[in-house]
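The values are calculated or read from the model by the stated rules, or taken from the named source; none is laboratory data. A quick note: this is a predicted structure, and the numbers were derived from the prediction, not measured. Note that each Cβ is placed from the backbone with ideal geometry, even for glycine, and that neighbours are counted across all protein chains shown.
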Amino acid sequence: MRSTRRVALTGGIATGKSHCLAKFAELGAPVIDADVLAREVVAPGTEALAAISARFGPTAIQQDGTLDRDSLGKVVFADDHARRDLEAIIHPVVYARIANWFDELSTRGAPLGIADIPLLFESGHRADFEIVIVAACPPPQQLERLLRRRMSEEEARRRIAAQLPIAVKRDAADCVIDTGGTLADTDRRIVEVWNQMTR
């Protein structure tokens, strides 16, 4: 049986990955989102949440027992060491779930699957995937989009700086989807990439 081609979709914060993933799903691709998995693996009662509480203290957990994302985000985006500690707790569980998902797709005979993984390069998992697609736009556009999310400029710049520069990711990609133009331009490029992968 032919195994499912493993495709990763990545990019930078606010470069349009979610839009690209939704469009690929519309075109018929099985998709999975690492950000969604990362929220699931820190649900109350999980080992990952307990590990976060042990590392970052009770202020990382809200009174209802859920993760305090805002509080934790302020800590980890201001401290590289803290961010790496958090990623060391969450990433292995998320990647294990993604691997299981691809195995299930192979069992069902799916020709390919697309995993949206924002920190693919940063986490050192490039080699896990046959094809890597990068959603990219100019850094000033990233900043502008983050500001529209009611994020302060300081926080937005900090979050962009916490990831590899988008130019580096573009250079390492098998395919690039430029999301800096119109939505129609982006959608046309997504269809082109889809047709290349499924040809």
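Taking only pairs six or more apart or across chains, which ones have beta-carbon atoms under 9 Å, a first residue in the range 179-190 that is over 18 Å from residue 140 (Cα atoms), and a second residue that is of a type in the set (Val, Ile, Thr) and loosely packed, with under 14 Cβ neighbours inside 10 Å?
none
State which residue pairs qualify: first residue under 15 Å from residue 115 (Cα atoms) and inside the range 77-98, second residue part of a helix (DSSP H, G or I) and hydrophobic (A, V, I, L, M, F, W, C) in any location, beta carbons under 6 Å apart, and separation of 6 or more residues or different chains.
Pairs that qualify, where the first residue is under 15 Å from residue 115 (Cα atoms) and the partner is part of a helix (DSSP H, G or I) and hydrophobic (A, V, I, L, M, F, W, C), are 93/48; 94/34; 94/37; 94/38; 97/37.
Which residue is nearest to the chain's Cα centre (by Cα), if the candidates are limited to the range 84-126 and must be of a type in the set (S, T, N, Q) and farther than 20 Å from residue 15 by Cα?
Across the range 84-126, the extreme among qualifying residues is 100.
Only residues that are within 21 Å of residue 106 (Cβ to Cβ) and either in a loop (DSSP other than H, G, I, E, B) or without any contact (Cβ under 8 Å) to a residue 24 or more places away in the chain (or both): list them for the range 1-24, please.
Within the range 1-24, 1, 2, 3, 4 meet the criteria.
If a residue has to be in contact with a Phe, Trp or Tyr (Cβ under 7 Å, 6 or more places away or on another chain), within 18 Å of residue 195 (Cβ to Cβ), surrounded by 20 or more Cβ atoms within 10 Å (Cβ to Cβ) and among the aliphatic types (A, V, I, L, M) to count, how many in the range 1-28 make the cut?
1
On the basis of being at pLDDT 95 or above, among the basic types (Lys, Arg) and within 18 Å of the chain's Cα centre (by Cα), does residue 158 make the cut?
no
Residue check: is residue 90 aliphatic (A, V, I, L, M), surrounded by fewer than 18 Cβ atoms within 10 Å (Cβ to Cβ) and at pLDDT 95 or above?
For residue 90, the condition - aliphatic (A, V, I, L, M), surrounded by fewer than 18 Cβ atoms within 10 Å (Cβ to Cβ) and at pLDDT 95 or above - is not met.
I'd like the full set of residues that are among the acidic types (Asp, Glu) and either within 20 Å of residue 172 (Cα to Cα) or buried (at least 16 other Cβ atoms within 10 Å of the Cβ) (or both), limited to the range 93-124.
Scanning the range 93-124 gives 116, 122.
For the range 45-65, which positions are surrounded by fewer than 13 Cβ atoms within 10 Å (Cβ to Cβ) and not in a helix (DSSP H, G or I)?
Once the filter is applied, which keeps residues that are surrounded by fewer than 13 Cβ atoms within 10 Å (Cβ to Cβ) and not in a helix (DSSP H, G or I), the range 45-65 yields 45, 57, 63, 64, 65.
Going through 138, 118 one at a time, which residue ends up being free of Cβ contacts under 8 Å to residues at least 60 places away in the same chain and closer than 26 Å to residue 187 by Cβ?
The conditions single out 138.
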